[in-house]
1. At 7 Å along Cα-to-Cβ for each site, give me the label-to-label distance between M222 and A19 in nm.
2. Which stretch or stretches of region 403-444 have amide N atoms under 14 Å from the point lying 7 Å from L354's Cα along the Cα→Cβ direction?
3. So if we plug the beta-carbon distance of R271 and F400 into 1/(1 + (r/R0)^6) with R0 = 45 Å, what FRET efficiency do we get, rounded to 0.05?
4. Run through the DSSP bridge list for the chain and note the antiparallel percent, rounded to the nearest 5.
5. With unit charges on the beta carbon (Lys/Arg positive, Asp/Glu negative), name the residue among L322, G236, I284 whose Cα is farthest towards the positive pole of the charge dipole of region 236-348.
6. Take K301, project a point 7 Å from its Cα along the Cβ direction, then tell me which residues of region 309-345 have their backbone nitrogen under 18 Å from it.
7. May I have the pair-distance distribution P(r) for region 310-374, computed from all Cα-Cα distances with 5 Å bins from 0 and rounded to whole percent?
8. What ranking of K233, K46 comes out by heavy-atom accessible area, probe 1.4 Å, highest first?
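The values are calculated or read from the model by the stated rules, or taken from the named source; none is laboratory data. These figures come from a predicted structure and were not determined experimentally. Positions of Cβ are generated from backbone atoms using ideal geometry, with glycine treated the same way; all protein chains shown enter the neighbour counts. Heads up: the accessible areas ignore ligands, DNA and RNA and are worked out on the full protein's heavy atoms, side chains in. Shrake-Rupley method; radii C 1.70, N 1.55, O 1.52, S 1.80 Å.
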Amino acid sequence: MKHPIISFRRKLMSFMIIAIAFPTLTSGYLMIDHAEKALLKEKENKLYALTRQLDHLLPYSFNHYLGPQQNKMSREEKINRLNLILGPRTDLIAKENPGIGVGYYSKELNAIITYGPSQELKDKIGLSIDHTHPGNQVLQHGTPLVFTGKQVRGNIMNAMTPLIRDGNVIGYVWANELTRDVADQMQKMEHNIWLILIAGMLIGILIALKITNTLGRSIEKMEEQIRRTDRLKALGELAAGMAHEIRNPLTSIKAFSQIAEESFPAEDPNREYMGIIVKEVERINRLIEQLLLFGRPSIEKEELVNLPDLIRQSLFLIDYELKKKELNLTQEFEVVQMRADYNLIQQIIVNLLLNAIHAVNQGGTLEIKTMVNPTTVAMSFFNSGSSIAENQKEKIFNPFFTSKDHGIGLGLSVTQNIVHLYKGKIFFENVNHGVKFQVEFPREEIVYGKDSCSG
Ligand SMILES: Nc1ncnc2c1ncn2[C@@H]1O[C@H](COP(=O)(O)OP(=O)(O)OP(=O)(O)O)[C@@H](O)[C@H]1O
Ligand SMILES: [Mg+2]
């Protein structure tokens, strides 16, 4: 019975996990892709900005700094002279941006003029770029370019901006970062994103599983309840049908048995036997009535029923048992009147009273109360005696559950049916060496009053 529900719960859980994990992972992947692109773009922009600074730090052409003697200077001398002037400027920028390499390239000298930080990179001064170097494109077209790959410094992301003076490209400036550093930063970022996503996903899954589990459980309970209700309904229909069919012949049997009983002389043992038949028929009749009530308790006629009055009358019916058990009886009544079918409410009271009488110990206590609460009106029946065993608590409202030799086991289930008919609740608890049953009806269903009537 439980199996399909468990597998349903499992299915629901697997679905939840997929429903959470798939979008998280996909969006994680997209997010990282996006973040990586953004990081690269940001780096590009930063490197470009540095090249623009370098451009500004050289207000004139290279030749301007070489002075009038430049025609007599060798290439080497020119490079050294320019490096002396521009070196501090590139070093300044390199110092402010750790990890970044910056420098000037002269087209005319075909040489690296400066490369900062000079401590690390001064050995590159004077080198020419070979024909595969992307710097050639910058010199040729006079447009900026970012290139990632192996260049003079090694594997770098290199931003290059042409130096244009008087409409001519006289060289270019660059700013670069080692690809290794970029990759490291990227990995750190990726790592953090995954960490957050996975932590979020796990929390999400945990919450979802918790909810699914609770949901599954209540569905389980609901199913069980539906099954029980269905069973009871079917049983009720059957019982009512049978009861109806049995009642008619029973009426005839009872009538004829009574006639037969009368027809025997007083001392004839047959007269006694007929008497027994009549009594037994009456017993069957009571059973039938309970069965009918169990099947479909129906409201025949509604009137104002005064609960304390009804309880007093019902007590009168069981007066004999009360006396025999030498009970200590207390009654505490607030006046509760409800619009209901008199017979049905009496059925509730009699059933609960009978159960209490059966359960109470010799010389014990019986306490009956009616009360008016803020949202309900209630009546309670307490009897001293042994409590209801743990393993029977679930069953006592089941039809035909009885712990008594001559019990039928319909009393409480009939009672419960009637209580439900009036939208009420019935429950019990083991208290003070005894058992208390309580019935509550919602107050709006009921006409109630409070007066001095108690006793
Ligand atoms: N006041 C009570 N104290 C202890 N047990 C109780 C009490 N009321 C009910 N029970 C338990 O609940 C069972 C079911 O009660 P229920 O009234 O439905 O059937 P029954 O009394 O056994 O038979 P009947 O159909 O004749 O009423 C009882 O057999 C008894 O075990
Ligand atoms: Mg009973």
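1. 1.5
2. The answer is 403-416, whose backbone nitrogens lie closer than 14 Å to the label point.
3. In this case the efficiency is close to 0.80.
4. Bridges in the chain that DSSP calls antiparallel: roughly 90 percent.
5. Positive-end residue among those listed: G236.
6. 310, 338-345
7. Reading the bins upward from 0: 4, 15, 27, 26, 15, 9, 4, 0.
8. On the way: K233 135, K46 95 Å².
Result of the area sort, largest leading: K233, K46.
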